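A.B. asks: Okay, handing you the structure first.
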Amino acid sequence: MTSIPTHTLNDGTTIPAMGLGTWPMGDAEAEKAVSGALELGYRLVDTATNYRNETGTGRGIARSGVPREEVVVTTKLPGRHHGYEETLASFEESRQRLGLEYVDLYLIHWPLPRVGKYVDSWKAMVKLREEGLVRSIGVSNFTPEHIGRLEKETGVLPSVNQIELHPLLPQAELRAFHAEKGIVTESWSPLGRGSRLLDDPGIAAIAEAHGVTPGQVVLRWHTQLGALPIPKSASSRRQQENFDIFGFELTPDELAAVSDRPHRRLGGDPEVHEEF
Ligand SMILES: NC(=O)c1ccc[n+]([C@@H]2O[C@H](COP(=O)([O-])OP(=O)(O)OC[C@H]3O[C@@H](n4cnc5c(N)ncnc54)[C@H](OP(=O)(O)O)[C@@H]3O)[C@@H](O)[C@H]2O)c1
């Protein structure tokens, strides 16, 4: 089994340089996919309260037989539970569904700026970390303005910001902001789910030159940018393919060519997207 590179977070913990996404799997599918991925060597799993598969994810971890301390388990706070006390209660429910003593990485799923309670949730997450129930805390879909508020009002920066990132939305400015602040960028929809990105002839040509697949080219692009992709796959074959991306190197020209295309979002705009 191969082991893969890691990132050191700003709180001193380390996490693998890629992981498994689990949305939109149900419990049974997540259990199978998570245990299979861990057997292949994956050590980072991404779920969320709103994916409704924390139970299956937890079962998959137990079923894999991989020691708990080797696995980085991520889950996320849903919009309907923003607020200090609500966050503490929501976390406890997630922890119970996962069947775990602690969670490795807990993220605020969306900022919901109109609701205006993400700073209160952040304070609760800081407390969860202090209590050892969460190892690392982070955010998802936050802009520099939202992160600036967390820093100003609590003095605590997130360790991770999980954002929409793929060759159709390379997020250069936000990645530079993260680098300046010591925040690791995680990429959701890293393969450009729902687009025809992997059918692109330019990406196919790069894949052919390296003897790899278009999916591997795109995932390697993420890791060479310093971002951490969490591709979802329910297929063991594609999980294996997505994991096997550290044995080749894209050139600077190839990296530029991968994202040299019109840019657009595939998902929600963090300023206005509301998901409860
Ligand atoms: N924080 C957020 O707001 C947020 C939002 C969206 C997603 N996420 C997280 O990010 C994860 C990944 O994003 P995503 O699921 O939206 O998109 P994605 O990982 O870009 O794409 C997943 C799709 O690509 C297919 N696929 C996987 N590997 C492939 C390969 N090597 N070649 C061709 N097709 C492949 C999968 O099908 P098969 O399963 O059949 O392989 C699935 O249909 C999610 O699962 C979730 O954990 C977070």
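The values are calculated or read from the model by the stated rules, or taken from the named source; none is laboratory data. All figures in this text were calculated on a predicted structure; none of them were measured in a lab. Note that we place each Cβ from the backbone using ideal geometry, even for glycine, and neighbour counts take in every protein chain shown.
A.B. asks: Go through S195, S159, S187 for me and flag whichever is over 30 Å from T87 (Cα atoms) and among the hydroxyl-bearing types (S, T, Y).
C.D. replies: Being over 30 Å from T87 (Cα atoms) and among the hydroxyl-bearing types (S, T, Y) holds for just one of S195, S159, S187, which is S195.
A.B. asks: Going residue by residue through segment 16-23, is there one that turns out to be free of Cβ contacts under 8 Å to residues at least 40 places away in the same chain and either of a type outside the set (A, V, I, L, M) or part of a helix (DSSP H, G or I) (or both)?
C.D. replies: no
A.B. asks: Additional query: Give Q162, Q171 a once-over and let me know the one that is free of Cβ contacts under 8 Å to residues at least 24 places away in the same chain and touching a Ser or Thr at 6+ places or on another chain (Cβ under 9 Å).
C.D. replies: Q171
A.B. asks: Related question: Within the bounds of segment 196-207, is there any residue that is touching a strand residue (DSSP E or B) at 6+ places or on another chain (Cβ under 9 Å), modelled with pLDDT of 95 or more and within 11 Å of the ligand (Cβ to nearest atom)?
C.D. replies: yes
A.B. asks: Can you find, within segment 208-222, the residue that is nearest to L20 (Cα to Cα) among those that are more than 10 Å from the ligand (Cβ to nearest atom) and of a type in the set (G, A, S)?
C.D. replies: That would be G211.
A.B. asks: Additional query: Give the residues of segment 163-176 that are surrounded by 17 or more Cβ atoms within 10 Å (Cβ to Cβ) and farther than 19 Å from F243 by Cβ, sorted by residue number.
C.D. replies: Passing the criteria: I163, E164, P167, L168, L169, P170, Q171, L174, R175.
A.B. asks: Within segment 223-276, take every residue that is under 17 Å from the mean Cα position of the chain (by Cα), over 17 Å from E39 (Cα atoms) and part of a helix (DSSP H, G or I) and give me the one that is farthest from the ligand (Cβ to nearest atom).
C.D. replies: Q224
A.B. asks: Turning to a different aspect of this structure: List, please: which pairs have Cβ atoms under 6 Å, are six or more places apart or on different chains, and start with a residue in segment 219-230 that is at pLDDT 95 or above and end with one that is in a loop (DSSP other than H, G, I, E, B) and within 12 Å of the ligand (Cβ to nearest atom)?
C.D. replies: L219/I245; R220/I245; H222/P190; A227/L165; P229/M18; P229/P190; I230/G19
Here is a yes/no grid of residues against (1) away from the ligand (no atom under 16 Å from the Cβ); (2) of a type in the set (A, V, I, L, M):
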{"residue": "S121", "(1), (2)": "no, no"}
{"residue": "A124", "(1), (2)": "yes, yes"}
{"residue": "T143", "(1), (2)": "no, no"}
{"residue": "I147", "(1), (2)": "no, yes"}
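A.B. asks: Restricting attention to segment 30-52, report how many residues are within 12 Å of the ligand (Cβ to nearest atom) and within 20 Å of E241 (Cα to Cα).
C.D. replies: Going through segment 30-52 one residue at a time, the tally reaches 9.
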